[in-house]
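For reference, the structure is listed below as structure tokens.
The values are calculated or read from the model by the stated rules, or taken from the named source; none is laboratory data. In this text the structure is predicted, and so the values were computed from the model without any measurement. Don't worry about glycine lacking a Cβ; one is built from the backbone with ideal geometry, like all the others, and counts go over all protein chains shown. To get the accessible areas, we keep the full protein, side chains included, count just its heavy atoms, and leave off ligands, DNA and RNA. Shrake-Rupley method; radii C 1.70, N 1.55, O 1.52, S 1.80 Å.
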Protein chains: 2
Amino acid sequence: MMLSDLQIAQKAKMSHILEIAKTINLSSEDLELYGDYKAKISFDAINRYKKNPRGKIVLVTAINPTKAGEGKSTTTIGLGDSLKALGYKTMIALREPSLGPVMGMKGGAAGGGYAQVVPMEDINLHFTGDIHAIGASNNLISSVIDNHLYQGNELNINPEKVIWRRAIDMNDRSLRKIQVALSLKREVPRYDGFDITVASEVMAVLCLSKDLDDLKQRLAAMVVAYDMDDQPITVADLKIQGALVMLLKDAIKPNLVQTLEKTPALIHGGPFANIAHGANSIIATDFASRVSDYVVTEAGFGADLGMEKFMDIKMRVMDTMPSAVVIVASIRALKLHGNASDDLLDQEDVQALKDGLVNLEKHIESVKTFDRPYVVAINRFPKDTENEIQALMDWAKDNNHPISLSEVFSKGSQGGLDLAQKVVEITKDENPHENRPLYPLNMPIKNKIEIIAKKIYGADGVDYGEKALEQLQAFNHNKWNDLAICMAKTPLSLSDDPKLKGRPQNFRITVREFKPSIGAGFIVALTGQVMTMPGLPKHGAYENMDVVDEKIIGLF
Amino acid sequence: MMLSDLQIAQKAKMSHILEIAKTINLSSEDLELYGDYKAKISFDAINRYKKNPRGKIVLVTAINPTKAGEGKSTTTIGLGDSLKALGYKTMIALREPSLGPVMGMKGGAAGGGYAQVVPMEDINLHFTGDIHAIGASNNLISSVIDNHLYQGNELNINPEKVIWRRAIDMNDRSLRKIQVALSLKREVPRYDGFDITVASEVMAVLCLSKDLDDLKQRLAAMVVAYDMDDQPITVADLKIQGALVMLLKDAIKPNLVQTLEKTPALIHGGPFANIAHGANSIIATDFASRVSDYVVTEAGFGADLGMEKFMDIKMRVMDTMPSAVVIVASIRALKLHGNASDDLLDQEDVQALKDGLVNLEKHIESVKTFDRPYVVAINRFPKDTENEIQALMDWAKDNNHPISLSEVFSKGSQGGLDLAQKVVEITKDENPHENRPLYPLNMPIKNKIEIIAKKIYGADGVDYGEKALEQLQAFNHNKWNDLAICMAKTPLSLSDDPKLKGRPQNFRITVREFKPSIGAGFIVALTGQVMTMPGLPKHGAYENMDVVDEKIIGLF
């Protein structure tokens, strides 16, 4: 009987975080401790290593996932442990889990099985308070906007064109659309809504900032509303960028923890992968790359979304490229792409598996578009059969795709040694070089989207809704053309239709609307509905949670 | 030129918190560090000292304050430093500041001048995350309620009788009344609102809990709504008390910091002083009393509210009494009670001062009602004149009131030595004894309120609004009679009319409505309007805040 993630994590004999820090040459002065097993890294330490040559960044991405996900975080952590087991100085850089989904049923974002970061309870709950600080910052902006409207509206803000929404780190569907200011005589009620905190632009900004000054400038540039003449109103107009930086001055420091096998891991920042770019902070990834041979990191959803945005948004800011890409695929998901039914994924179906490989093949092509070496990692699930695995290995051999069966979930680093060796092999001659994005920034927004849609999704072209076209005109007027593009699309298909599995052909995608994230430095292009506030299931995970003798039970 | 509070705090040479902990016999194993200057105390340490004999608790309270407050926190901290300077083992136990008012203009709750707790920036901002954790707990309840309504409403909750409100640690007046669930087809929109987090019953519960089990039971008992038959729905009905305890398992541990003079201080919990009892946590106060000769602590607002609730709610749970009461009065406030005009308080006015002494005299009588020794502390303000001070000293001498001029704001412990000596004197024979409350619990609610109104406020009696009378019937049905009473009244007057200064005579108070706080163990009696969500001023303090070279500026 396999233990639960929580049971495995609670059995772990963790090292004091000072011991972990020593392995990357950090002393106690470089850290702010949060208990014995978590610490924030000081800017002094970050600045000290800033000029070190970079180690190799390994990006873990995936095929289009099932709704349960393919195990990217688990593979990332396991691969890090395995690289360390091979003798390489290795760090892991991951996103911080949001508390909201923890209360639902999604499972933690701290890995799983024997490939976890610990202390997992803390990491999945309040951790070091970063997300709470981001929520407070987000909501200070809302509060100041409504206060400004109430106090006479000197900036002439159009109450119907406040685009800044409130935020809460909770799955709370009834806050998606609300009406505020219903008790006040002097103020007109207006519609608003709450997003889950990790969907706040503040989170994206924090993750893309290089330092406190950069953070302040980005926060100041965030557009929160339009005035009666349709001119954008920014945080700088409200004069609160300083207060926001003050609220975020600790949150911007990366958090050091460890894996079950004591590999140092930075867990820092967790922007949504649809409305934002879906990768951990630049400060964390950059620091990790300066103090280790390998940094293993991941990006949200499949390669069509996560990897593209990793290259074109995150890597562009860092001006580098990953030395290799690991594409995680599960046999379950491949069968789904081969048209196996959702409820039969536990049954052997070699034909569906083979049929589904077209999805993986498309993502491999995308990696090649970025000219990056790759290896396919099969994240082994208990119900995978030998026949299925063999079919997959045969396909890889026939087509010269590097592939590895990853069993880090059940075996820890020992289950990922082959994958780690393959990563070492393909990165042998891959030294970090400057960013090579898919598109240049100084190109019309439509052209940039077309490049992504054609080269990465395999679409024939892009259509625009009426609202999107109107917005493009306004963006042109506001001189917002030269920003990166952040695609918001279903992760479940290469197309913008979640039902189209495998490798859809002869399709176009439709951009319905744009969302300017000027502080983050991108324009979000929304295709279809994007959920920025999840709901709870009928019986949420919260019903099983408890604390007995100071020990948490029922958390995954 | 006097330095600002922030400048004084930033100049402080703090000791490592482990050094501070040593002075109360705690070792590094007893602490969870949050950086070098903040730590949470473990339950192991708390349990180890639980059976120690108690030191003397000194309660700092005040006359009815001006809107700016009388300097209770500053006096509490200064008195603690002075007692330590006299050679006594001393601890300070204070409430945690709420972030919301920090963004407005109220000033911090970490003392002032040379009587401060540090690191003051951290204490005033996110500190150790307790208030964020309380907010998350509060809002999990709301989310689960609305999810329950959405998922079929098995408990038959009346959507119009959900009494649980959402919470946010922000001054945000436009969230006072909102409408939620406006985007959903399956759910009926309902009215709701946000309180500032410290007004949440979760905060009151955390502060009145003795340990994790007590916390769980109290959380489970909280009433959140009524069903279609008007039966109360509790957190236990929603099955989330375990999840709530999980979210609060760190927040319930007291936070250790230090004063500018390195006196150990526990800053833990901060319930509102109107809708709740307004005192720091029982766990903190109790622990402090087990490891020191003196614990100096405070309660919100004046003695009519703060002290009464301290005795009848907090001390009842702890089954003890303070060994002495310090009544803080400022000459400014006394003049206000002598009918000086609000904008002329900086001018000498001996007659107004003398006329205002009736307010102080009434509070002294109330302290005597509880049979407690007392000393009046005049918190010196720069504009106080020698004539005024002399008039006050003469009055005290003529009437045999122990009195002391406190200059801890400008001089630190040296400015409070006389006060400390007087406290030592009056507590010489005052050893801790069992609680002696104003009223027993097993008495009708109306009688309990009448006792408070007559004995503490000096009222002739109590009237009840229609709603309050209806609620009393329902409470009777629900068997909620034997709970404590938590009065919610204006702090600005002994009566329920903020305009009546001095010592009002021939008045009655009106209870408009009740709020059951079953988890906290009290019924809140609301007289007049009670503000549970403050607003921001036209130009909030946030406009001046900034971070320069990692250093905060503009925070007070």
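Could you tell me the calculated FRET efficiency between A:K551 and A:K454, based on Cβ-Cβ distance and R0 = 51 angstrom, to the nearest 0.05? Computed FRET efficiency for A:K551 and A:K454 comes out at 0.45. For region B:130-248, carbon and sulfur atoms together expose 45% of the accessible surface, with a 1.4 angstrom probe and every protein chain in place.
Relative to the current alpha-carbon distance between A:L155 and A:E466, full extension at 0.36 nm per residue lengthens the span by 109.1 nm. Of the accessible area of region B:299-339, computed with a 1.4 Å probe over protein heavy atoms only, carbon and sulfur atoms account for 42 percent.
Can you give the FRET efficiency to the nearest 0.05 for B:Q217 and A:A68, using r as the Cβ-Cβ distance and R₀ = 51 Å? For R0 = 51 Å, the calculated efficiency reads 0.90. Residues whose amide H lies under 5 Å from that of A:T510, counting only those 5 or more places away or on a different chain, are A:D463; hydrogens are built 1.01 Å from N in the peptide plane. Principal-axis analysis of the Cα atoms of chain B puts helix B:386-399 at an angle of about 80° to the longest axis.
Counting only other chains, what is the mean number of Cβ atoms within 10 angstrom of the Cβ of each residue in peptide B:161-171? Mind dumping the intermediate values first?
Working: counts 0, 0, 0, 0, 0, 6, 0, 8, 4, 9, 4.
Mean partner shielding for this stretch: 3.
Distance from the Cα centroid of region B:443-518 to that of region B:216-281 is 24 Å (rounded to whole angstrom).
Cα centroid distance between region A:48-105 and region A:404-439, in Å? What the calculation gives is 11 Å, centre to centre. The distance between label points at A:N25 and A:R436 comes to 3.0 nm (points 7 Å beyond Cα on the Cα→Cβ vector).
Shown for A:N544: label points 7 Å from Cα along the beta-carbon vector, and their distances to the equivalent points in the other copies, 5.2 nm in ascending order. In this structure A:R173 has an accessible area near 30 Å², from a 1.4 Å probe over the protein heavy atoms.
A protection proxy built from the mean count of other Cβ atoms within 10 Å ranks the segments A:499-506, B:489-496, most packed first, as B:489-496, A:499-506. Only lysine pairs 8 or more places apart or on separate chains count here, and in region A:130-248 those with Cα atoms under 27 Å apart total 8. Rounded to the nearest whole Hz, the Karplus-based 3J(HN,Hα) values (6.51 cos²θ - 1.76 cosθ + 1.60, θ = phi - 60°) of region B:37-42 follow the sequence 10, 9, 7, 9, 9, 6, with x at glycine and proline.
Probing with 1.4 Å while keeping every protein chain in the model, the per residue accessible area of region B:127-272 equals 27 Å². For region A:49-84, the residues whose backbone nitrogen is under 17 Å from a point 7 Å from the Cα of A:D342, taken along Cα to Cβ, are A:64-70.
Distances between copies of B:E466, taken at a point 7 Å out from Cα along the Cα→Cβ vector and listed shortest first: 5.0 nm.
The antiparallel fraction among DSSP beta bridges confined to region A:445-527 stands at about 35%. The amide H of A:I403, built 1.01 Å from its N in the peptide plane, has A:V376 as neighbours under 5 Å, considering only residues 5 or more places off or on other chains.
Shortest first, B:E19 label-point distances to identical copies amount to 2.8 nm, with the label point at 7 Å from Cα along Cα→Cβ. Restricting attention to chain A, close to 45% of DSSP beta bridges with both partner residues there are antiparallel. Distance from the C-alpha centroid of region B:373-396 to that of region A:179-201: 48 Å, rounded to the whole angstrom.
Using a simple spin-label model with pseudo-atoms 7 Å out from Cα toward Cβ, B:L18 and A:K13 lie 2.3 nm apart.
Counting protein heavy atoms only and a 1.4 angstrom probe, how many square angstrom of accessible surface do chains A and B bury in total, to the nearest 100? If you can, show how the numbers build up before the last one.
Working: alone 22350 and 22280 Å², together 38770 Å².
So the buried area, both faces added, is about 5900 Å².
The packing ranking, built from the mean of other Cβ atoms within 10 Å per residue, places the peptides B:336-345, B:283-292, A:134-143 in the order A:134-143, B:283-292, B:336-345, highest first.
Each residue of region B:482-490 was assigned a 3J(HN,Hα) from its phi angle through the Karplus curve 6.51 cos²θ - 1.76 cosθ + 1.60 (θ = phi - 60°); the sequence is 8, 9, 6, 10, 10, 6, 10, 9, 4 Hz, with glycine and proline shown as x. Sorting B:512-521, B:298-307 by their mean Cβ neighbour count within 10 Å, with the most densely packed peptide first, gives B:298-307, B:512-521.
Hey, any idea what % of region A:31-78's accessible area is carbon plus sulfur with a 1.4 Å probe?
Values: 780 of 1620 Å².
Solvent-exposed carbon and sulfur of region A:31-78 make up 48 percent of the total.
Of the beta bridges in region A:130-248, as assigned by DSSP with both residues counted there, near 75 percent are antiparallel.
Explain nothing, just the number: dipole magnitude of region B:22-140 about its Cα centre with +1 on each Lys and Arg Cβ and -1 on each Asp and Glu Cβ, in debye rounded to the nearest 20. Please list the in-between numbers first.
Values: 14 positive and 11 negative charges, 119 e Å.
The calculated dipole for region B:22-140 is roughly 580 debye.
Take each residue in B:126-137, count the other chain C-beta atoms within 10 Å of its C-beta, and the mean is 5. Quick one: how many Å² of B:H148 are accessible to a 1.4 Å probe, rounded to 10? Surface accessible to solvent at B:H148 totals approximately 40 Å².
With a 10 Å cut-off around each Cβ of B:202-214, the average count of Cβ atoms from other chains is 1. A Förster radius of 60 Å, combined with the Cβ-Cβ distance separating A:D394 from A:D230, puts the computed FRET efficiency at roughly 0.50. Amide H contacts of B:V223: B:I518, B:G519, each under 5 Å away and 5 or more positions distant or on a separate chain (H built 1.01 Å from N in the peptide plane; Pro and chain starts excluded).
Computed from backbone phi with θ = phi - 60° and the Karplus coefficients 6.51, -1.76 and 1.60, the 3J(HN,Hα) list for region A:57-72 is 8, 10, 8, 9, 10, 7, 6, 4, x, 6, 5, 7, x, 9, x, 5 Hz; x is used for glycine and proline.
Using helices alone, what [θ] at 222 nm do you get for the protein assembly as shown, with -39,500 (n - 2.57) per DSSP H run of 4 or more residues, divided over all residues and rounded to the nearest 500? Kindly include the intermediate steps, with their values, before the conclusion.
Working: 40 runs with 365 residues, N = 1112.
Helix contribution divided over all residues of the protein assembly as shown: -9500 deg cm²/dmol.
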